[in-house]
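To keep things clear, I will list the structure first and then write my remarks on it.
No lab work stands behind these numbers, since they all come straight from the coordinates. Keep in mind the model is a prediction, meaning the values are calculated, not measured. Note that we place each Cβ from the backbone using ideal geometry, even for glycine, and neighbour counts take in every protein chain shown.
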Amino acid sequence: MARVIVTSALPYAYSVPHLGNFVGSVLPADVYYKYLRMNGDDAIFVCGSDQHGTPIELAAVKKGVEPAVLADEMHQTIKTLFERYECTFTYYGKTHTEENKEVAYSFFNELYNNGYISEHEDMQAYCNIDKRFLTDRFIQGTCPYCHKKSARGDQCDSCNRLLEPSQIIDPFCAICGKSDITFKKTKNLAFDLNKLQDELRDFIKRNGKYNWSRDAVNKSLSMIKEGLRPRDITRNMNWGFQVPLSGYENSRIYVWFDAVGGYIGITKEWDSRKWRDYWQNEHTQLVQFLGKDNTLFHTIIWPAMIIGSKLGFVLPHTIKESQFLNFEGKKFSKSNKVGIWLDEALRIMPADYWRFALMYAYPETADSDFTRRGFADAVDTIMNDKIGNFAQRVLKLAAANRQLVEQGIVPESEKRVKAELEKYTAAFGKLQLKKAIAAVVGLAEQGNRIMSEKEPWLLAKAAKTDAKAAGEAKDVFSSLIAITFALGVMLYPFTPEASRKLLAHFKVVAEPTLALLSGATELDLEREPKPLFSKLTADEMEKLRKYA
RNA sequence: AGCGAGGUAGGGUAGCCUGGAGUACCCGCCGGGCUCAUAACCCGGAGAUCGGUGGUCCAAAAAGAAAUUCUUGGAAAUCCACCCCUCGCUACCA
């Protein structure tokens with residue numbers, strides 16, 4: 001039994017996540033965590049809303065509300081949505097909390113004391129009307145490259161080029177819209193990543209073998225090879241944690257710092273004592289799920305904070321980096337109306353369908369594409385036809401031929417169950433989630449094959465007059481029931497609702513465990529079988545079609 | 001531009017780290033079987049110059065004291081180099 005912390009990258013509390021965000025980190029983390037629980041591991045699953053940063057501050061200023069209010073509202077929305085998708089976090093927290101501030105400060109203070117934080121001066125745009133520095137998207141204007149009026153302080157939304165605020169033509173303040181801007185000298189603090197290069201390289205070489213994707217290892221090593229540079233740790237803004245150092249009253253700790261540290265802060269918010277048992281325990285495995293745009297924060301910056309602070313926090317054991325999910329061949333984009341968002345998706349189909357279909361298309365090693373056609377395939381032919389229909393065949397046959405149903409079957413003694421279960425646990429052990437889902441589908445296929453080969457409905461007829469046929473029929477029924485039960489268990493990480501429905505036929509009401517597969521089962525013949533899944537209806541197809 | 005990852009039947013993927021006949025998998029297509037089940041299921045078939053080019057490697061024969069060179073025949077989806085295409089990162093997006 002291992003002690004494990006599973007984390008998912010923190011969603012930014014600015015808007016509702018879309019399907020691509022979901023499948024990139026929270027969903028696979030939840031699937032894996034559910035498996036660990038079934039396996040009896042001592043695991044916790046932490047995630048939460050990332051609440052600081054300029055997008056939220058600017059939106060709040062424009063709306064005339066406190067950033068904390070806005071960020072908490074969105075936090076609630078996201079939290080509720082994940083609950084509706086049956087994500088079973090140990091704790092879903094947020095970053096703007098006292099606990100997380102304490103964590104951020106202890107990192108900051110120790111890094112400062114250990115000599116990893118240095119001061120530097122630079123020029124920043126300043127609005128003389130609003131009396132504030134204009135970081136990132138607080139400054140807007142015309143792009144020097146494409147000459148469209150869509151440039152923000154950090155990037156042009158039209159041509160996607162990265163910009164320096166000083167390059168922008170005709171800059172104006174995003175709050176008051178005026179151009180009364182001067183560049184003022186200001187000082188900021190930076191984290192001297194360069195001083196930790198050697199230790200980081202050793203760490204990555206040591207841990208990179210634990211299920212880190214090729215991309216994550218190579219990208220990180222290549223960045224270190226090029227040479228790390230100091231990275232800003234404070235920003236001239238008003239939203240975020242105060243910098244715990246005099247002379248920095250007008251700055252805040254830069255959002256990335258308390259976002260990665262948020263994993264610990266959120267655990268502390270969950271339990272003010274137990275968090276240490278996980279984070280400051282050298283035997284803990286820290287397994288982190290994230291999208292490829294987020295890798296370097298988890299493989300360079302975050303380990304650098306842990307190593308440099310010498311606070312004894314556990315370093316990432318596994319980095320499960322996902323690639324990107326596209327939508328009908330295009331990038332998800334709110335402004336271009338490409339994609340489906342988590343709230344919209346539930347108005348089309350229940351959570352189980354999204355969980356399964358998304359994991360079926362999980363961009364595990366390469367970008368993948370979400371298409372409505374592919375979704376319909378997964379729902380209709382895999383979930384409904386292969387899995388749901390199989391379970392229905394077995395349960396109906398059993399109900400119609402009660403005298404052939406034997407109780408007390410041990411699912412694992414059925415060789416096909418044993419074989420697919422081994423694939424399933426091996427796949428989860430190596431965090432190969434698409435292989436794990438393939439093992440579930442494979443088991444249903446085995447079941448369907450038995451049906452065709454043994455034709456139990458004919459055996460059942462023959463059994464009425466022939467004792468030998470009756471014996472054979474009982475054996476076949478036992479195999480089919482064992483497989484059905486195992487499907488109920490193995491589906492749990494992917495489709496918890498269907499798992500519950502199926503296991504209810506076996507009088508299992510608690511959260512399933514893998515141990516159930518080596519115990520005796522009891523089929524409840526009084527319970528009427530109802531289809532586990534259904535195909536997309538014309539109405540559902542119509543709703544989907546709107547997302548073109 | 002630099003760095004990283006991906007490119008495999010009509011579509012979607014596994015295989016690559018550790019070279020050995022494209023026995024792969026799912027959808028779709030064609031043919032057959034079955035009638036327990038949700039018009040579902042099962043079996044068979046067609047369909048791929050594995051993005052491109054060049055290497056690496058092996059064997060035989062020849063020249064040389066030897067390293068090696070050359071000729072012929074051969075194992076690369078997998079290893080290497082370069083090129084093309086897609087995506088990501090490049091430190092002020094989080």
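Results, tabulated for the structure shown:
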quantity: Amide H contacts under 5 Å for A:Val338, placed H, 5+ residues apart; calculated: A:Ser333
quantity: From phi via Karplus (6.51, -1.76, 1.60), per-residue ³J(HN,Hα) for segment A:52-61 in Hz, x at Gly/Pro; calculated: 8, x, 5, x, 5, 5, 5, 4, 5, 4
quantity: Convex hull (Cα only) mean projected area of chain A, reported in nm² to one decimal; calculated: 27.1 nm²
quantity: Tail weight of P(r) past 15 Å, computed on alpha-carbon pairs of segment A:392-436, percent; calculated: 61 percent
quantity: Integer Hz, Karplus 6.51/-1.76/1.60 couplings in order for segment A:460-477, x for Gly and Pro; calculated: 5, 5, 5, 4, 5, 10, 10, 5, 5, 4, 4, x, 5, 4, 4, 4, 5, 4
quantity: Residues A:Asp136, A:Asp367 arranged by fewest to most Cβ contacts within 10 Å; calculated: A:Asp367, A:Asp136
quantity: Alpha carbon centroid spacing (whole Å) that separates segment A:263-321 from segment A:170-194; calculated: 32 Å
quantity: Greater than 23 Å apart at Cα, pairs in A:Lys415/A:Lys464; A:Lys34/A:Lys507; A:Lys386/A:Lys546; calculated: A:Lys415/A:Lys464; A:Lys386/A:Lys546
quantity: Three-way shape label, segment A:1-105, alpha-carbon gyration tensor, a/c 1.5; calculated: prolate
quantity: Listed pairs A:Lys396/A:Lys543; A:Lys101/A:Lys274; A:Lys63/A:Lys274 exceeding 30 Å between Cα atoms; calculated: A:Lys396/A:Lys543; A:Lys63/A:Lys274
quantity: Coarse-grained scattering of segment A:117-189 at q = 0.13, 0.25, 0.26, 0.27 Å⁻¹, given as base-10 log I(q)/I(0) from a Debye sum over alpha-carbon atoms; calculated: -0.36, -1.04, -1.09, -1.14
quantity: Cα pair count fraction exceeding 19 Å, expressed as % - segment A:324-438; calculated: 61 percent
quantity: DSSP-defined antiparallel bridges as percent of all bridges, chain A, nearest 5; calculated: 55 percent
quantity: Mean Cβ count within 10 Å, highest first, over the residues of peptides A:520-529, A:2-11, A:303-312; calculated: A:2-11, A:303-312, A:520-529
quantity: Under-5 Å amide H pairs with A:Lys320, H placed in peptide plane, nonlocal only; calculated: A:Gln288, A:Phe289, A:Leu290
quantity: Calculated log₁₀ intensity ratio I(q)/I(0) where the Debye formula runs over C-alpha points of segment A:350-538, q = 0.19 Å⁻¹; calculated: -1.32
quantity: Translational diffusion of segment A:243-334, µm² s⁻¹ [Kirkwood Rh, Cα pairs; Stokes-Einstein; 37 °C; 0.692 mPa s]; calculated: 213 µm²/s
quantity: Considering only segment A:1-146, percent of DSSP beta bridges that pair antiparallel, nearest 5; calculated: 15 percent
quantity: Overall Cα dimensions of segment A:71-151 - principal axes, largest extent first, Å; calculated: 47, 41, 27
quantity: Reference-scaled alpha-carbon Rg (2.2 N^0.38 Å with N residues) for segment A:489-548; calculated: 1.51
quantity: Radius of gyration and maximum dimension Dmax of segment A:1-48, Cα, Å; calculated: 12.0, 38
quantity: Other-chain or far-sequence residues with amide H under 5 Å of A:Asp232's (modelled H); calculated: A:Phe191
